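*Asks:* For reference, the structure I am asking about is given below.
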Amino acid sequence: MPIPVRVVPTRPPVVYPVPPTPVLWDRTAVSITGASGAGEEIPLTGFTGRAWPSIVMQAGATGLDMPPYAIFSDDSPSLDGSIYRSSRTTSREIMIPLYLYGVDRQTLNALKRKLFQALNPKRGFCVLKFTEGSGQARRISVYYKDGLDGAEGVDVSGFTWCKYALLLTAMDPWFYPSASESTRWDFGTGLPFLSTSRKFFPMQISRGTMGGPGSEYLVSNPGDEDAWPVWELTGPIKSFSLTSPKGEVLKAAPPDNGIDLVPDGRVMEIDTRPGKKTVKDDQGMNYWAALDANPSFWPIEPGDSKCSISVVAGSGRASVRLAYTPRYASYI
């Protein structure tokens with residue numbers, strides 16, 4: 001008679017998930033910083049080993065190239081189709097797949113809280129930064145919208161890991177470099193009209209006190225979209241005229257009493273950026289009334305262009321400084 005054999009059931013081996021290998025962005029580093037850019041910078045592509053807790057950016061990110069546009073048009077009752085009127089860039093949405101991996105439950109929860117605190121929109125916007133291997137950096141300001149609500153499915157979370165589809169909204173859809181572009185031009189020689197060491201005749205007029213009509217200067221905008229400049233005019237300046245390649249003019253005539261429009265040592269700042277549009281000096285004096293009627297706060301178009309800068313300097317050396325931040329459609 002055969003002896004019965006007792007079969008003891010065995011548990012299948014526990015298989016712990018292995019964190020994925022980070023996506024190789026061709027030496028492009030990606031990070032996000034909360035609290036309006038003042039918080040801790042959290043790297044998303046710097047994970048170098050499988051045994052350390054980390055937040056890893058996965059393949060499948062969207063919304064990182066050309067931003068969306070809103071097209072405005074009119075319909076005609078007698079013609080087919082529509083008539084284009086205008087367009088504008090709208091806010092963009094960016095989706096970034098994330099994989100959080102901790103060596104234990106405690107480290108995973110710490111990673112989650114770190115991410116939750118950094119992305120809280122009540123604490124300000126986040127700065128999403130892309131840095132190429134050459135050192136070139138592009139950044140965009142974003143707000144957290146959705147994606148960290150979590151799920152407990154077997155394919156999206158575990159004891160020491162979880163997956164998120166982070167959804168961000170960029171109110172300003174353009175990417176910006178780390179530094180702005182700037183150029184400076186000097187006008188005037190600093191010589192008085194009447195000399196104390198020379199006779200009045202023969203008369204000698206100081207050179208370089210005016211950048212007259214036709215004084216064109218090359219300006220280069222490396223971005224993909226118009227850039228809004230900030231002009232700084234350092235006195236003594238009696239009058240000035242800033243003309244775009246399209247003929248748009250921003251100028252101010254000399255005061256009727258003959259004094260300098262911008263006194264010696266003072267700096268008039270003309271900020272043409274949308275939402276700002278201010279004309280004041282370094283002491284807070286408002287110069288808006290000094291501009292000619294209907295001033296044109298013109299932008300700088302992408303590529304190389306020539307603008308005309310005419311400055312009548314007082315009895316000293318004046319200067320004009322142009323500063324602007326290029327805007328890029330993508331992080332590249």
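*Asks:* Give a residue-ordered list of calculated ³J(HN,Hα) values for segment 130-145 (Karplus: 6.51 cos²θ - 1.76 cosθ + 1.60, θ = phi - 60°; whole Hz; x for Gly, Pro).
*Replies:* 10, 10, 6, x, 6, x, 5, 10, 10, 9, 9, 8, 9, 10, 5, 10
*Asks:* Whole number in Å², please: accessible area per residue of segment 89-191, 1.4 Å probe, ligands, DNA and RNA not counted. Can you show the working numbers first?
*Replies:* Numbers: 5150 Å² over 103 residues.
Value for segment 89-191: 50 Å² per residue.
*Asks:* Moving to a separate point now. Tell me, what is the per residue accessible area of segment 291-332 in Å², probe radius 1.4 Å?
*Replies:* Numbers: 1630 Å² over 42 residues.
Here the per-residue accessible area is 39 Å².
*Asks:* In whole Hz, what ³J(HN,Hα) sequence does segment 28-36 give by Karplus (6.51, -1.76, 1.60; θ = phi - 60°), x for Gly and Pro?
*Replies:* For segment 28-36, the Karplus curve yields 9, 8, 10, 8, 9, 10, x, 6, 6 Hz.
*Asks:* According to a simple spin-label model (label point 7 Å from Cα along Cα-to-Cβ), what is the distance in nm between residue 218 and residue 185?
*Replies:* My value for the distance between the label points is 1.4 nm.
*Asks:* Give me the lysines in straight-line cross-link reach of residue 122: C-alpha distance below 28 Å, same-chain residues under 8 apart excluded.
*Replies:* Cα-Cα hits under 28 Å: 112, 114, 145, 163, 276, 277.
*Asks:* What residues have an amide H closer than 5 Å to that of residue 225, excluding those fewer than 5 places away on the same chain, when H is modeled at 1.01 Å from N in the peptide plane?
*Replies:* Correct list: 327.
*Asks:* Still on this structure, I have one more. Across segment 277-284, in residue order, what do the Karplus-derived ³J(HN,Hα) couplings come to in whole Hz, using 6.51 cos²θ - 1.76 cosθ + 1.60 with θ = phi - 60° and x for Gly and Pro?
*Replies:* Karplus values, whole Hz, x for Gly and Pro: 6, 10, 9, 8, 9, 6, 9, x.
*Asks:* Cβ under 9 Å from residue 271's Cβ, residue 271 left aside: what net charge do those residues give with Lys, Arg +1 and Asp, Glu -1?
*Replies:* +3
*Asks:* What does the extension gain come out to for residue 132 and residue 296, with contour length at 0.36 nm per residue minus their alpha carbon separation?
*Replies:* Working: separation 164, 0.36 × 164 = 59.04 nm, distance 3.71 nm.
Between residue 132 and residue 296, full extension yields 55.3 nm more.
*Asks:* Would you mind counting up the charge near residue 301? Only other residues with Cβ under 10 Å from its Cβ, with Lys and Arg at +1 and Asp and Glu at -1.
*Replies:* Within the 10 Å Cβ shell, the charges total -2.
*Asks:* Another question about this same structure. Compute and list, largest first, the equivalent-ellipsoid semi-axes of segment 226-332 from the alpha carbon gyration tensor, each √(5λ) rounded to a whole angstrom.
*Replies:* 26, 14, 13
*Asks:* Ranked by accessible surface with a 1.4 Å probe, highest first, in what order do 175, 297 come?
*Replies:* 297, 175
*Asks:* Here's something else I'd like to know. Accessible area of residue 88, 1.4 Å probe, to the nearest 10 Å²?
*Replies:* 130 Å²
*Asks:* Just report the Cα centroid separation between segment 27-90 and segment 142-160, whole Å.
*Replies:* Each part reduced to its Cα centre gives a spacing of 20 Å.
*Asks:* Order 285, 268 by their accessible area, 1.4 angstrom probe, all chains in place, largest first.
*Replies:* 285, 268
*Asks:* Looking at the P(r) of segment 288-332, how many percent of alpha-carbon pairs lie beyond 15 Å?
*Replies:* Working: 671 of 990 pairs.
That fraction is 68 percent.
*Asks:* How far is it, in nm, from the label point at residue 277 to the one at residue 151 when both lie 7 Å from their Cα along the line to the Cβ?
*Replies:* It is 4.7 nm.
The values are calculated or read from the model by the stated rules, or taken from the named source; none is laboratory data. What you are looking at is a predicted structure, and each value in this text was computed from that prediction instead of being measured. Note that each Cβ is placed from the backbone with ideal geometry, even for glycine, and that neighbours are counted across all protein chains shown. Heavy atoms of the whole protein, side chains included, go into the accessibility calculation; ligands, DNA and RNA do not. Shrake-Rupley method; radii C 1.70, N 1.55, O 1.52, S 1.80 Å.
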